[in-house]
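The values are calculated or read from the model by the stated rules, or taken from the named source; none is laboratory data. Model, not experiment: these values are computed from the prediction. Backbone-built Cβ (ideal geometry, glycine too); neighbour counts: all protein chains shown.
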Amino acid sequence: MADGFDLKPTQTPKLASEREAILKGNLGFGRVFTENMVKIRYAEGAWQRGELVPYGPITLDPAASVLHYGQAIFEGFKAYRQPDGGLATFRPAANGKRFAASAARLAMPALPVEVFVDASDVLLQSEDAWVPSGVGQSMYLRPLMIATEAALGVKPAKEYVFLLFGSPSGDYFPNGVKPISLWLCTDYVRAAPGGTGEAKCAGNYAASLVAQQKAIDEGCVQVIWLDAVERKYVEEMGGMNLFFVYKDGAGHKLVTPQLTGTLLAGVTRDSLLKLAADLGYGIEEKMVSVQDWEQGLKDGSLVEVFACGTAAVITPVGEVKFDGGKWDINGGEFGPHARKLRESLLAIQYGQAPDTHGWMHRVP
Ligand code: COI
């Protein structure tokens, strides 16, 4: 696998004691980066040989397309320390597939899924000692692709670079896994039909930030996005998918907004739908309106709401605020269903429960 890559790791590796001190500190999310990264250039219509190079600033021509017209996509997945000391990544091929789909939407070249997965193996073999082993910790992997061609004409670029680096991380939200407060955004939209909502492209996140700032100003952590056309249906929360837990006869069912082309098809979302079915929950993907949400809280059929994504796994929602009011959810508590699903998924990821769906990719 490393056959397709040239390995030129950093010349002056950090001392083990220095690395240990960093890993023992408060890692947070996405603030610490390891010493090497993978780089693959695309030029003359083909991907070039991959390289493992020192992590550090990259040089770009000021006319590089990405700086003007925004051809930039990324992914996020994680490597977990396993009980035998080895490493495994969670569904890397699913992220590789989505990366290729995002590339297609932005008229960028697709990186073959096997090269995407090999790149993560090469990086992790080199950076193994940087993968933390504490509770809730993992190595967040961030692959990205940008257009590097220096050309100001508005057209798909002919040159790109793929980079992949690692960030030893703990909890995504600074307060840990606690119910969060959400701002129901009615004045901005994240994605419209025919747009890029389904792609994991930088522009979607740039366009979301004014609403994210509004949420923060309102004392909330993230935004709830509604559909662009009717401003009626719930789509996503910030950069994460949403789940609703309803009473269902003697048991419970999980409802999540259906994929209409404007939502990101989350790998955690897909995994939770499968895992919930294994655990005996009913599951349903459908349009969920703001009115359904309010009604479910009023009549008591909606017992929990949570968000999911790679970075934060599962985060309970404790409160929704909007102009003129707010709703409390499950008394602002971390409910038993979100907790059970979170623990079940983490047990698979950390190799403590059987991987019946074949989701874990062992780093060779
Ligand atoms: C995730 O939930 O993993 C995300 O996509 C958020 C990320 C952009 C930090």
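Brief remarks on what is shown
- The residue that is surrounded by the fewest Cβ atoms within 10 Å (Cβ to Cβ), counting only those in the stretch 1-42 that are in a loop (DSSP other than H, G, I, E, B) and β-branched (Val, Ile, Thr), is 12.
- The condition of being closer than 16 Å to residue 168 by Cα and under 19 Å from the mean Cα position of the chain (by Cα) holds for only one of 94, 88, that being 88.
- Among residues of the stretch 340-364 being touching a residue at least 24 places away in the same chain (Cβ under 8 Å) and charged (D, E, K, R), the one that is nearest to residue 82 (Cα to Cα) is 362.
- Pick from the stretch 160-182, criterion of a type outside the set (D, E, K, R) and not in a strand (DSSP E or B), ranking: surrounded by the most Cβ atoms within 10 Å (Cβ to Cβ): 179
- Residue ID - farthest from residue 7 (Cα to Cα), chosen from residues in the stretch 113-138 that are in contact (Cβ under 8 Å) with a residue 24 or more places away in the chain and in a loop (DSSP other than H, G, I, E, B): 136
Residues checked against (1) at pLDDT below 95; (2) basic (Lys, Arg); (3) touching a strand residue (DSSP E or B) at 6+ places or on another chain (Cβ under 8 Å):
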| residue | (1), (2), (3) |
| --- | --- |
| 49 | no, yes, yes |
| 68 | no, no, no |
| 74 | no, no, yes |
| 79 | no, no, yes |
| 82 | no, no, yes |
| 86 | no, no, yes |
| 95 | no, no, yes |
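- Note on the stretch 190-240: among residues that are in contact with a strand residue (DSSP E or B) (Cβ under 7 Å, 6 or more places away or on another chain) and more than 25 Å from residue 325 (Cα to Cα), the one that is surrounded by the most Cβ atoms within 10 Å (Cβ to Cβ) is 200.
- Looking only at residues in the stretch 277-293 that are in contact with a Gly (Cβ under 9 Å, 6 or more places away or on another chain) and exposed (fewer than 15 other Cβ atoms within 10 Å of the Cβ), the one that is nearest to residue 185 (Cα to Cα) is 282.
- Of residues in the stretch 1-34 being in contact (Cβ under 8 Å) with a residue 24 or more places away in the chain and of a type in the set (Gly, Ala, Ser), the one nearest to residue 129 (Cα to Cα): 16
- As a summary of the residue check, residue 146 satisfies the conditions (1) under 14 Å from residue 73 (Cα atoms); (2) assigned to a loop (DSSP other than H, G, I, E, B); (3) of a type in the set (Val, Ile, Thr) except for the one numbered (2).
- Per-region count, the stretch 324-347, residues of a type in the set (A, V, I, L, M, F, W, C) and more than 15 Å from residue 269 (Cα to Cα): 4
- Selection status of residue 141, under 14 Å from residue 76 (Cα atoms), modelled with pLDDT of 95 or more and part of a strand (DSSP E or B): yes
- Taken across the stretch 93-102, residues that are within 18 Å of residue 309 (Cα to Cα), assigned to a strand (DSSP E or B) and not charged (D, E, K, R) do not occur at all.
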